[in-house]
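Participant: The structure is given below, and queries will be raised subsequently.
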Amino acid sequence: MDAMDSSSEDEAEISETEVDDYKDKAYLLLKSGKLKVKYSGASFRCPFCKGKKKQDYRYKDILQHATGAGASTRGRFKEKANHLALAMFLRTDLADACGPMQSIVQSKPPTESMSDERFVWPWIGIIVNLPVERKDGKYVGGSSSRLKDQLSKYNPVKVHPIWNFRGFTGNAIVEFRKDWTGFHDAMAFEKSYEANHFGKKNWNERKHRGSSIYCWVARSDDYNMEGSIGEHLRKTGDLKTVAELANEESRKNDKLVANLANEIDVKNKHLRELECKYNETTLSLSRMVEEKDKLHQRYNEEMKKLQDAACDHSNRVLLENEMLKSELESQRRALEWRCKELEKREAQNDNDRRRLLDEKKKNAMKNSSLEMAALEQRRADENVLKLVEKQKMEKEKALNKILHLEKQLDAKQALELEIEQLTGRLQVMEHMGDDDLVKKKMLEMSQELEEKVGEMDDLEDLNQQLIIKERLSNDELQEARKELISGLTDLLGGRTLIGIRRMGELDEKPFHAACRQRYQSEEAVVKGSELCSLWEDYLRQPEWHPYKIITIDGKCEEKINEDDERLKGLKNEWGDDVYKAVTAALLEMNEYNPSGRYVVPELWNFKAGRKATLKEVIQYILNKWKTQKRKR
């Protein structure tokens with residue numbers, strides 16, 4: 001500005017290219033203390049404007065003065081360099097010295113001293129005496145955007161040049177924001193130019209105004225004045241006092257507070273209703289969990305008893321087999337000894353010889369029967385061992401599939417084992433001869449076999465009843481999970497430990513990442529969304545079945561068919577990340593909804609990366625409810 005050109009120094013003027021070097025030198029002088037800026041706690045002076053009338057500035061005012069003079073395109077370059085150095089010194093070295101309240105932008109209404117003064121609202125600034133040139137028969141001036149950039153520190157919204165039938169009038173209107181921050185920006189704009197003697201009072205008093213611009217905030221006299229400025233103000237604004245605007249804002253705030261209070265009451269009522277429903281659901285679920293835990297505990301105890309009984313029974317069967325083997329072996333040795341004795345007496349008389357021959361035949365028949373019995377015993381032992389191995393395999397498989405049926409399955413297998421043992425022992429007894437002792441033993445074993453068969457039938461009936469009860473319990477648990485999913489969708493979000501996960505939903509991130517590598521930012525977003533939507537349609541097509549069945553450890557499992565043409569094309573064109581996202585969605589959809597082929601919500605433990613149990617969900621909800629209750 002021209003008003004800054006009053007320096008009385010006799011040094012030679014510098015060129016534009018030397019501004020930065022001279023600024024650094026001036027900054028060093030300020031920092032060393034050779035040029036004094038701060039004179040008291042809140043009083044500052046410009047060491048480069050000693051001839052000016054105003055010497056006492058506040059921190060904000062002297063910063064505006066230094067910034068405005070440093071940004072001016074008029075005047076001498078040495079003045080510009082000095083004020084640029086002063087602005088840098090104030091920002092870097094004296095920012096803390098100004099106190100915290102200097103940097104706070106006021107956002108409240110001004111003091112009562114301005115409350116009755118009438119301003120043009122929305123807040124308007126007036127700029128006059130702008131440079132004008134005549135071109136092609138009309139008057140023209142500089143661009144409004146450049147002027148707005150020069151006033152950027154006052155945060156203007158728009159700058160409107162004033163035109164008439166002759167062209168540019170050399171005047172402009174500056175619009176500020178409608179709130180109190182905009183008012184303070186406008187007043188800072190006016191005070192900055194008043195501090196440099198380019199305000200409204202200076203414009204009205206001076207006869208020779210020069211080429212400098214003059215600025216002030218529009219008031220009632222500007223609103224009612226004749227000319228293009230007054231017409232523009234009357235078209236775009238109204239006259240209002242600060243008190244009127246403050247009262248109007250207060251009424252709006254009171255109305256808003258009342259509306260918010262009513263809305264809060266409605267929300268609180270709805271929240272209390274939800275809490276009642278939640279308490280009822282939580283109590284029901286707690287009872288169900290307790291019953292389930294008790295049932296599971298009883299089941300484990302019964303299973304342990306059955307396993308111990310089965311182990312004891314197997315040991316008894318093996319011990320009895322060993323005893324039978326030793327008994328048969330002792331009888332065979334006795335017969336051999338008797339054969340040898342008969343051979344020694346073979347030289348006796350004919351009657352003895354005939355008796356001996358008869359006894360030999362009987363002994364041979366008995367020996368043959370004993371050998372057949374031993375053979376049957378070995379076969380029975382082999383069958384028992386095979387049956388034991390088969391039962392062990394079936395037992396392990398049943399434990400992996402249905403734990404809660406182990407009790408009935410072990411009891412059934414124990415009875416089958418006893419029946420098989422009794423059947424084998426009966427076959428052995430049939431080949432041991434027609435002795436009364438053998439017949440009596442066979443009759444007892446037959447009766448025991450019938451009792452075991454009856455017991456096994458009873459266990460079959462009990463097993464069926466337990467299966468029906470288990471199905472009903474599973475159906476009830478599934479209904480509880482559905483109610484939790486539908487009723488707690490808002491409470492259990494994706495960012496919590498326990499939440500709702502949409503199984504089979506396609507992850508969009510790999511698609512957008514792949515498209516960003518090929519397209520520009522805006523186009524990549526559109527292309528990524530289109531590609532993701534296309535593959536979501538593919539996933540819902542029931543005729544597309546990219547799976548294959550493989551056998552692992554005797555179990556058939558469905559896996560992704562990597563040779564599928566559509567999946568191979570996706571992997572080759574868009575990479576592994578997109579391919580993994582699609583295959584993951586396919587596996588989840590095939591597991592949770594293979595027939596419907598649509599997304600299914602599921603309670604999920606995000607920390608463990610698995611399906612959440614009802615116990616985990618209920619504990620999480622209870623903990624969250626207790627936390628919210630403590631906060632209230």
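Participant: Can you tell me the order of 496-504, 614-622 when each peptide is scored by its average per-residue count of other Cβ atoms within 10 angstrom, highest first?
Facilitator: The densest-packed peptide leads the list: 496-504, 614-622.
Participant: I'd like to compare 585-598, 268-281, 176-189: which one has the highest average count of other Cβ atoms within 10 Å, and what's the full order after that?
Facilitator: Listed from highest to lowest mean packing, they are 176-189, 585-598, 268-281.
Participant: Write down the accessible area per residue of the stretch 501-595 in Å², having rolled a 1.4 Å probe over the full set of protein chains.
Facilitator: 64
Participant: May I ask you to give the solvent-accessible area per residue for the stretch 163-309, in square angstrom, as obtained with a 1.4 angstrom probe?
Facilitator: Ligands and nucleic acids excluded, the figure is 64 Å² per residue.
Participant: Let me ask something else about it. Relative contact order, percent, of the stretch 154-241 when contacts are C-alpha pairs under 8 Å separated by at least 6 residues?
Facilitator: 21
Participant: For W216, list long-range residues whose amide hydrogen, built 1.01 Å from N in the peptide plane, is under 5 Å from its own amide hydrogen.
Facilitator: Here I126 satisfy the definition.
Participant: First obtain the Kirkwood hydrodynamic radius of the stretch 490-617 from its Cα pairs, then insert it into the Stokes-Einstein equation at 10 °C and 1.306 mPa s, and state the resulting D in µm² per second as a whole number.
Facilitator: The estimated diffusion coefficient comes to 98 µm²/s.
Participant: Right, another one. Roughly how many percent of the accessible protein surface of the stretch 116-158 is carbon and sulfur, given a 1.4 Å probe and a whole-percent answer? If you can, show how the numbers build up before the last one.
Facilitator: Numbers: 1180 of 2600 Å².
Whole-percent figure for carbon plus sulfur exposure: 45.
Participant: Could you please put Y579, Y22 in sequence from largest to smallest accessible area, using a 1.4 Å probe?
Facilitator: Y22, Y579
Participant: Of all the accessible heavy-atom surface of the stretch 520-632, with the other protein chains kept in place and a 1.4 Å probe, what percent is carbon and sulfur?
Facilitator: Numbers: 3530 of 7290 Å².
After summing per-atom areas, the C and S share lands at 48 percent.
Participant: Over 25 Å between Cα atoms, which of K509/K568; K580/K611; K580/K607; K294/K607 qualify?
Facilitator: Flagged as over cut-off: K294/K607.
Participant: Using a 1.4 Å probe on the protein heavy atoms, what percent of the accessible area of the stretch 173-217 belongs to carbon and sulfur?
Facilitator: Here it works out to 47 percent.
Participant: Once you've got the Cα coordinates, tell me which of K60/K135; K292/K482; K80/K153 are over 29 Å apart.
Facilitator: With Cα atoms farther than 29 Å apart: K60/K135.
Participant: Cα centroids of the stretch 214-244 and the stretch 146-205: how far apart, whole angstrom?
Facilitator: Here the answer is 13 Å between Cα centres.
The values are calculated or read from the model by the stated rules, or taken from the named source; none is laboratory data. The structure presented is a predicted model; accordingly, all values stated were derived computationally and were not measured. All Cβ positions, glycine included, derive from the backbone under ideal geometry; neighbour counts span all protein chains shown. Side chains included, ligands, DNA and RNA excluded: accessible areas come from the protein's heavy atoms. Shrake-Rupley method; radii C 1.70, N 1.55, O 1.52, S 1.80 Å.
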